[in-house]
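The next block holds one structure in the form of structure tokens; read it before the comments.
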Amino acid sequence: MRPLQAAIVIPARLHSTRLPRKLLLAETGKPVIQHTYEAASRATKIQNICVAADSDEIADVVRRFGGHVLLTDPNHASGSDRVAEVARLWTDIDVIVNVQGDEPEISAAAIDQVVELLERDRCAVMSTLATPIRSKDKLFDPACVKVVFDQQGRALYFSRSVIPHARTWHDDLLTAEPAHFYQHIGLYAYRREFLLQIARLPRPEIEQLESLEQLRVLHAGQTILVGTIDEPSIGIDTPADYREFVTRYRS
């Protein structure tokens, strides 16, 4: 069986709610989108990489640092729709990896891992990652998406609530090995043909209630594989997140 041909698409939107124009912040000497592009380019299982931009301003920045960029419809409802627009052009690619533009410290090993998951199980349509939750604050934070999966690593459910829910709580649950609780990491690999179908799937009530797009895939009876890593990737959502990134970069 031939190796999968895989490519990365980085959806890049100019405006964001909590940190406007964050992808263009450049206190390190490079814009955030360039850091993300260069980090993602280190993956070894990738044949192509492209930024899916929603504006000429982002596209111009990517071109200036020598990146590959395509302008996409600015009216797309989600990042996966933007990624799918690019995927339609790549008819020779089997797997599309969606890397968020605000992940300047994305691990090349993590990207390779989501591709490897789909190489090992040709029946799964998607793969993603999770990391153990060791903090009670994070566990009970609805912004931290939790995931549970079976012994083959197939996702059972994603939720903003605590899952699994311990009937009797004690703090030792957070230090157990193997871990009881996992945070979902928003790195996705899709089989290209399935990615092109996602937008046509009905949006079930559980997706609307949780506001989690991946539940649409599970509701349709499809398989999402979940790999585990020790550390979460660190995205930039707020000014504080960016300041911390700059500090880490300079040190």
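The values are calculated or read from the model by the stated rules, or taken from the named source; none is laboratory data. This one's a predicted model, so the numbers in the text were calculated from it and none came from an experiment. Cβ coordinates were reconstructed from backbone atoms using ideal geometry, including for glycine residues, and neighbour counts include every protein chain displayed. Only protein heavy atoms, including side chains, enter the accessible area calculation; ligands, DNA and RNA are left aside. Shrake-Rupley method; radii C 1.70, N 1.55, O 1.52, S 1.80 Å.
Each peptide among 129-142, 65-78, 46-59 gets the average number of other Cβ atoms lying within 10 Å of its residues, and from highest to lowest they stand as 46-59, 129-142, 65-78. Looking at the calculated P(r) for the stretch 78-236, what percent of the C-alpha pair distances fall above 28 Å? So the portion of pairs separated by more than 28 Å is 19 percent. In summary, the convex hull built on the alpha carbon positions of the stretch 212-251 has an orientation-averaged projected area of 4.3 nm². Along the stretch 152-158 the Karplus relation, 6.51 cos²θ - 1.76 cosθ + 1.60 evaluated at θ = phi - 60°, assigns HN-Hα couplings of 8, x, 8, 4, 9, 6, 10 Hz to successive residues, with x for each Gly and Pro.
Computed over the Cα atoms of the stretch 30-101, what is the ratio Rg over Rh, Rh following Kirkwood? Write out the running numbers ahead of the final one.
Working: Rg = 11.9 Å, Rh = 12.7 Å.
Here the Rg-to-Rh quotient is 0.93.
Think of the stretch 1-150 as having a plus end and a minus end, set by charges on the Cβ of Lys, Arg, Asp and Glu; of 55, 107, 91, 107 sits farthest toward the positive end of this dipole. With protein chains left intact and a 1.4 Å probe, residues in the chain average 50 Å² of accessible area per residue. Taking amide H positions as placed 1.01 Å from N in the peptide plane, with prolines and chain starts having none, which residues 5 or more places from residue 69, or on another chain, fall under 5 Å of its amide H? Here 51 satisfy the definition. In order along the stretch 47-63, the phi-based Karplus estimate (6.51 cos²θ - 1.76 cosθ + 1.60, θ = phi - 60°) of 3J(HN,Hα) comes to 9, 7, 8, 8, 8, 9, 8, 9, 8, 5, 4, 5, 4, 5, 5, 5, 4 Hz; Gly and Pro are listed as x.
The distance from the alpha carbon centre of the stretch 7-24 to that of the stretch 43-122 is 12 Å, rounded to a whole number.
The Rg/Rh ratio for the stretch 85-167 is 1.01, where Rg is the radius of gyration of the alpha carbons and Rh is the Kirkwood radius.
A compact globular protein would have a Cα radius of gyration near 2.2 N^0.38 Å; the ratio found for the stretch 145-251 is 1.28.
Computed from the alpha carbon atoms alone, the convex hull of the stretch 1-154 holds 145 Å³ per residue. Partners of residue 136 within straight-line reach, counting aspartates and glutamates whose Cα lies under 20 Å from its Cα and excluding those fewer than 8 residues away in the same chain: 171, 172, 177, 230, 231.
Solvent-accessible surface (1.4 Å probe) assigned to residue 17 amounts to roughly 130 Å².
Partners of residue 22 within straight-line reach, counting lysines whose Cα lies under 25 Å from its Cα and excluding those fewer than 8 residues away in the same chain: 30, 138. Of the peptides 108-119, 205-216, the ranking by mean beta-carbon count within 10 Å, highest at the top, reads 108-119, 205-216. With contributions of -39500 (n - 2.57) from each DSSP H run of at least four residues, the per-residue ellipticity at 222 nm computed over the chain stands at -8000 deg cm²/dmol. Only protein atoms count toward the accessible area here, which uses a 1.4 Å probe; on the stretch 192-236, the carbon and sulfur part of that area reaches 46 percent. Normalised by 2.2 N^0.38 Å, where N is the number of residues, the C-alpha radius of gyration of the stretch 154-198 stands at 1.62.
Please report the carbon-and-sulfur percent of the accessible area for the stretch 50-191; probe 1.4 Å, protein heavy atoms only, DNA, RNA and ligands left out.
Roughly 49 percent, rounded to a whole number.
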